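The values are calculated or read from the model by the stated rules, or taken from the named source; none is laboratory data. Bear in mind that the values here come from a model prediction, so they are computed numbers and not experimental data. Don't worry about glycine lacking a Cβ; one is built from the backbone with ideal geometry, like all the others, and counts go over all protein chains shown.
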Amino acid sequence: MIIKVALVFFFGTALHCLLWRTSTCISVKKGQNVTLSCPLKIKENIGAVTWYKQNSGEGVNLLLNYNLTVPPHVRYAAGVNKHRYVVLHRNRNRVRPRLRILNVEEIDTATYYCGYSEKPQEQKDISGKPE
């Protein structure tokens, strides 16, 4: 079975204004891993990245977000399996945010969005409660 993952990227400024960026479609087989790369240009160790998922016919759901500290502090949305959605840390050769989905399943067929803000997120969990 081949699962298609459509990636649509948007850019959030410090004011969280959203702008259309680009679109890519990736096909992977069930059980494989896939790495999604966000094409947004980000400042080194400044700001926050957020990943979203939208299943066909549904609204956009938050997956996770993290500040670009070293190492980044990742906060997962309720119900998200943190062992399947992995933030790949930046290195000298890769400065773009990347998200790896492990052991892809049919439920992963969706449109994924990434966003970036130059303003770091408050240290709260996704539900808005202080950590």
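The set of residues in region 100-131 that are surrounded by 14 or more Cβ atoms within 10 Å (Cβ to Cβ) and either modelled with pLDDT under 80 or over 15 Å from the mean Cα position of the chain (by Cα) (or both) comprises Val104, Glu118, Lys119, Pro120, Gln121, Ile126. Filtering region 1-38 to residues that are modelled with pLDDT of 75 or more, over 17 Å from Leu63 (Cα atoms) and touching a Pro at 6+ places or on another chain (Cβ under 9 Å) leaves only Thr24.
Against the test of being at pLDDT 90 or above, among the β-branched types (Val, Ile, Thr), surrounded by 15 or more Cβ atoms within 10 Å (Cβ to Cβ) and farther than 16 Å from Asn33 by Cα, the options Val80, Val86 yield a single qualifying residue, Val80.
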